[in-house]
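Let me begin by presenting the structure, written as structure tokens, before commenting on it.
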Amino acid sequence: MSKERLDKVLGNFGLGSRSDVKKEIYQGNVKVNGIVVKDPGFKITLNDVVVFYEETLIRKEFYYFMMNKAPDCITATEDPREKTVMDYLSERHRNMNLFPVGRLDKETEGLLLFTTDGTLAHYYTSPKHFVEKEYYAEISEPVTKDDIMNFETGIVLDDGYKTLPARLAIPDDTKPHIVTVWLKEGKYRQIRRMFQSLSKEVMYLKRVKMGNLKLDPSIPLGSYRELTNEEESLLKQKIPIIQ
């Protein structure tokens, strides 16, 4: 089992800069397996129990969080002009090197995954893996059977690109302007542009599922939490490189 320096482990938990955590270690505020360790270079494994002040640090190889993205921020790690999804993370989580997986438009709400796992992020964002995403949408005009067929055959966007086949459904026939959309690709503002090509406008859009992972409906807009073990397993299903 690989070993890491104690100061690096604390830094990866977002507990401060390398110099900050070294100071905490020197001052005797860190225990490993019940023993105070004052050496920042002390090597530990995932099996060692690390306590910072009174907090036992739950260490994992990678971390996974889900956010219910708010419609007032862009999906980026930093931007000089716009508010980003990172602004909704606590300082500690921002310092953990978490990054968003894929993108949602500024106006779009819903499921956004954050992780430190580059391999998983690549799988979910690579076009060749066709990971399906599910969206709830409210449209300016009633959606028709012709619209559903157009989605199934692919729609030519404003730049001439023809989309891959997608699925479109009307869950309640009495509300034909409310639909569910399933996509296996993610071009820039794709769902909005697909409906635009059908002379309709998306009034509200929310992502509710990525692969097997569903958005927890109890998470308020702009809030987030770490995935449960069950959700983490769902996230990694059918990903050969991770199994």
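The values are calculated or read from the model by the stated rules, or taken from the named source; none is laboratory data. Because the structure is a prediction, the values reported are computed rather than measured. No Cβ is skipped: glycine too gets one built from the backbone with ideal geometry, and neighbour counts run over all protein chains shown. What goes into the accessible areas is simple: the full protein's heavy atoms, side chains included, and nothing from ligands, DNA or RNA. Shrake-Rupley method; radii C 1.70, N 1.55, O 1.52, S 1.80 Å.
Computed over protein heavy atoms with a 1.4 Å probe, the accessible surface of segment 44-94 works out to 55 Å² per residue. Each residue was assigned an accessible area with a 1.4 Å probe, and for E201 the value is about 110 Å². Suppose the Debye formula is applied to equal point scatterers at every Cα of the chain; what is log10 I(q)/I(0) at q = 0.09, 0.10 Å⁻¹? Debye intensities relative to I(0), on a log10 scale: -0.49, -0.58. Quick one: if the Förster radius is 30 Å, what FRET efficiency do Q196 and D72 give, using the C-beta to C-beta distance and rounding to 0.05? Computed FRET efficiency for Q196 and D72 comes out at 0.85.
For segment 22-62, what number results from the quotient of the Cα radius of gyration and 2.2 N^0.38 Å? If you can, show how the numbers build up before the last one.
On the way: Rg = 9.8 Å, N = 41, 2.2 N^0.38 = 9.0 Å.
Ratio of Rg to 2.2 N^0.38 Å for segment 22-62: 1.09.
Here S126 and K23 are evaluated by their C-beta separation; at R0 = 45 Å the FRET efficiency comes out at 0.60.
Using 1/(1 + (r/R0)^6) with R0 = 35 angstrom and r between the beta carbons of I35 and D216, what's the FRET efficiency to the nearest 0.05?
About 0.35, to the nearest 0.05.
For segment 109-243, taking Cα atoms only, Rg and Dmax work out to 15.8, 44 Å respectively.
Normalising the Debye intensity of segment 28-91 to I(0), with uniform scatterers on Cα atoms only, and taking log10 at q = 0.13, 0.23, 0.24 Å⁻¹ returns -0.59, -0.92, -0.97.
If you take all C-alpha pairs in segment 200-240, what percent of them are over 17 Å apart? Of all Cα-Cα distances in segment 200-240, 43 percent exceed 17 Å.
Distance between the modelled labels on E141 and R225, one decimal in nanometres: 4.2 nm (7 Å Cα→Cβ projection). Only lysine pairs 8 or more places apart, or on different chains, with alpha-carbon atoms under 22 angstrom apart are counted in segment 1-136, and they number 27.
For the Cα trace of segment 145-187, dividing Rg by the Kirkwood Rh returns an Rg/Rh value of 1.01.
Do you know the relative contact order of the chain, to the nearest whole percent, from alpha carbon pairs under 8 angstrom that are 6+ apart?
Details: 433 pairs, mean separation 46.3, N = 243.
After rounding, I find 19 percent.
Annotation for segment 77-119: trypsin sites (Lys or Arg not before Pro) lying in DSSP loop with at most 14 further Cβ atoms inside 10 Å of their Cβ are R81, K83.
Heavy atoms only, probe 1.4 Å: what % of the accessible area of the chain goes to carbon and sulfur, would you let me know? That fraction is 49 percent.
Summarised as an ellipsoid, segment 47-166 has semi-axes of 36, 18, 13 Å, derived from the eigenvalues of the Cα gyration tensor scaled by 5 and square-rooted, with the largest first.
Report the chymotrypsin sites (Phe, Trp or Tyr not before Pro) located in segment 22-84 that are in a DSSP loop and have at most 15 other Cβ atoms inside 10 Å of their Cβ, or state none.
On the way: sites: Y26, F42, F52, Y53, F62, Y63, Y64, F65; in loops: F42, Y53, F62, Y63.
Passing sites in segment 22-84 are Y53, F62.
As a size descriptor, the averaged projected area of the C-alpha convex hull of segment 160-220 was calculated at 5.5 nm².
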